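Participant: The structure is given below, and queries will be raised subsequently.
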Amino acid sequence: MQCLVAINPNKKESIDYKDLGTVEFGPVQVVLGAVELEQSAFDSEEPNNREYVLLRVNAFSCNYRDKSLLLANYDQIKNSDRLFVPFGSEFSADVIAIGADVCDFQVGDRVMSNCSYPESGMKGVLPGVATNFASLGWLRLHSKKLIKVSKTLSNIEAACFSLGSQTASGMIRRSGILVDGGTPLVLSARSATSLFIIQQLISYGFNPLCLSTTDWNESEMQRIYPARVERIGNNIALNDVFRHKFTHAFDPFFDMNVGHALKYIKTGGTYITCGMRDQHPLLSIDTPNNAEPIVRGALAQSIVKNVSLLGNCLGSTEDLERAIRLQSRTGIGPIIDQEYKLIQGRDFIRRSFFNFSRFGKCVLVYEN
């Protein structure tokens, strides 16, 4: 099976691979290549495999967190004997083999990741993202890290559904808006997580205001109708119109947006965030010098306004199951920006991580 990986630049003469070009990660040139990987050996009766599943990946996608992880892992392999490093934290796959004690899956099932956090559902199984190496093609994962793909999702949609939808579902539940009601605000609305939040809020009957630093075309705005988008920036009129209007703010990048968010939240409101923009020093060279004072000022506002500040990491299995049921009921799947073949791996990485016109998720499809 041909798979997409990042090639150790100091070991290029020691590996048989198809060169797919390089991508600039800040000052670092990451070499991409296609390598042939054979199916992993898997004995279902082996004690270490009894609760595990062997998968063949059909398609995978990357999330924002993968950008810094790939750069960090690439830097580590340069001074090692490792020939390459895979990447990617979401996938759809076919079950190829199952351990003797696996009851929830059968050979031939379509599955995607279950990134349940803070509990995995089984003692001894780590919670959180199922894998950081989905591009490897062959995956051996504990059965608790998987969930079946519903009939309403294609392989391509499933390859970019679980992590974003699970996070969005968890954030919406923990915010309390489903119980208390309210007026929601979504920041960095073009981000993958925000798009999931917007779609789920709409499915629950809310029409969020969506703030973005870039312009949207009519087709993009129709994808989230009846929610509406406003361009954020140094716009005094925008600040005046929406100041103190919202009960809940959903934000994927607190270090980028918290200063704006606290202006718009009502006294006693809720601000919930699931991440930060600046996840690696080499990818943060464009960070404004006043970022830290803005964050401090926002925290001071939260005290004066009695705002509840919530951090959120992923979601529970129940959150993912709720998101799957919601998708099955509404038919609203993840927004796909573009699909790519293996030979287009360089374009896939560049658009996934560095193209700000991207709208939705990019998916790389393997030929099975």
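The values are calculated or read from the model by the stated rules, or taken from the named source; none is laboratory data. What you are looking at is a predicted structure, and each value in this text was computed from that prediction instead of being measured. FYI the Cβ positions are ideal-geometry reconstructions off the backbone, even for glycines, and counts take in every protein chain you see. Note: accessible area is taken over every heavy atom of the protein model, side chains too, but ligands, DNA and RNA are not part of it. Shrake-Rupley method; radii C 1.70, N 1.55, O 1.52, S 1.80 Å.
Participant: Restricting the search to the range 157-185, which residues are open to solvent by less than 30 Å² (accessible area, probe 1.4 Å) and among the small types (Gly, Ala, Ser)?
Facilitator: ALA158, ALA159, SER162, GLY164, SER165, ALA168, SER169, GLY170, SER175, GLY176, GLY181
For every residue, the table says whether it meets (1) assigned to a loop (DSSP other than H, G, I, E, B); (2) in contact (Cβ under 8 Å) with a residue 12 or more places away in the chain; (3) under 30 Å from THR167 (Cβ atoms).
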position: THR22; (1), (2), (3): no, yes, no
position: GLY33; (1), (2), (3): no, yes, no
position: SER44; (1), (2), (3): yes, yes, no
position: ARG56; (1), (2), (3): no, yes, yes
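Participant: Now, a different point. Search the range 74-95 for residues being within 18 Å of the chain's Cα centre (by Cα) and of a type outside the set (A, V, I, L, M), and hand back the single one that is nearest to SER352 (Cα to Cα).
Facilitator: Step by step, filter the range 74-95, then rank; the result is GLY88.
Participant: Here's a check for you: in the range 17-29, which residue that is of a type outside the set (A, V, I, L, M, F, W, C) and under 19 Å from SER80 (Cβ atoms) is nearest to the chain's Cα centre (by Cα)?
Facilitator: Step by step, filter the range 17-29, then rank; the result is GLN29.
Participant: Continuing with this model, one more query. Please return the ranges of strands (runs of 3 or more DSSP E) entirely within the range 75-149 where 3 or more residues are of a type in the set (A, V, I, L, M) and closer than 23 Å to PRO47 by Cβ.
Facilitator: 90-98
Participant: Also, quick follow-up: Using the structure shown, decide if PHE254 is within 29 Å of THR330 (Cα to Cα) and among the hydrophobic types (A, V, I, L, M, F, W, C).
Facilitator: It is false that PHE254 is within 29 Å of THR330 (Cα to Cα) and among the hydrophobic types (A, V, I, L, M, F, W, C).
Participant: Do you know which of the residues in the range 301-332 that are part of a loop (DSSP other than H, G, I, E, B) and among the small types (Gly, Ala, Ser) is surrounded by the most Cβ atoms within 10 Å (Cβ to Cβ)?
Facilitator: So the residue we want is SER316.
Participant: Return yes or no: is ASN355 surrounded by fewer than 16 Cβ atoms within 10 Å (Cβ to Cβ) and more than 17 Å from the chain's Cα centre (by Cα)?
Facilitator: No.
Participant: Also, quick follow-up: Can you name the condition, by its number, that VAL107 falls short on among (1) β-branched (Val, Ile, Thr); (2) farther than 30 Å from LYS11 by Cβ; (3) open to solvent by less than 50 Å² (accessible area, probe 1.4 Å)?
Facilitator: (3)
Participant: Within the range 333-343, restricting attention to residues that are out of contact with any Leu (no Cβ under 7 Å at 6 or more places or on another chain) and open to solvent by less than 70 Å² (accessible area, probe 1.4 Å), which residue is farthest from TYR117 (Cα to Cα)?
Facilitator: ASP337
Participant: Kindly indicate whether any position in the range 73-83 is assigned by the TED database to the domain that holds GLY33, in contact (Cβ under 8 Å) with a residue 60 or more places away in the chain, among the hydroxyl-bearing types (Ser, Thr, Tyr) and buried (at least 22 other Cβ atoms within 10 Å of the Cβ).
Facilitator: no
Participant: Output the number of the condition that VAL363 fails; it satisfies all remaining conditions of (1) more than 15 Å from SER92 (Cβ to Cβ); (2) surrounded by 19 or more Cβ atoms within 10 Å (Cβ to Cβ); (3) of a type in the set (Val, Ile, Thr).
Facilitator: (1)
Okay, residues lined up against (1) open to solvent by 30 Å² or more (accessible area, probe 1.4 Å); (2) in the same structural domain as GLU339 (by the TED database); (3) without any contact (Cβ under 8 Å) to a residue 60 or more places away in the chain; (4) not charged (D, E, K, R):
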{"residue": "ASN155", "(1), (2), (3), (4)": "yes, yes, no, yes"}
{"residue": "LEU187", "(1), (2), (3), (4)": "no, no, no, yes"}
{"residue": "GLU218", "(1), (2), (3), (4)": "yes, no, yes, no"}
{"residue": "ALA227", "(1), (2), (3), (4)": "no, no, yes, yes"}
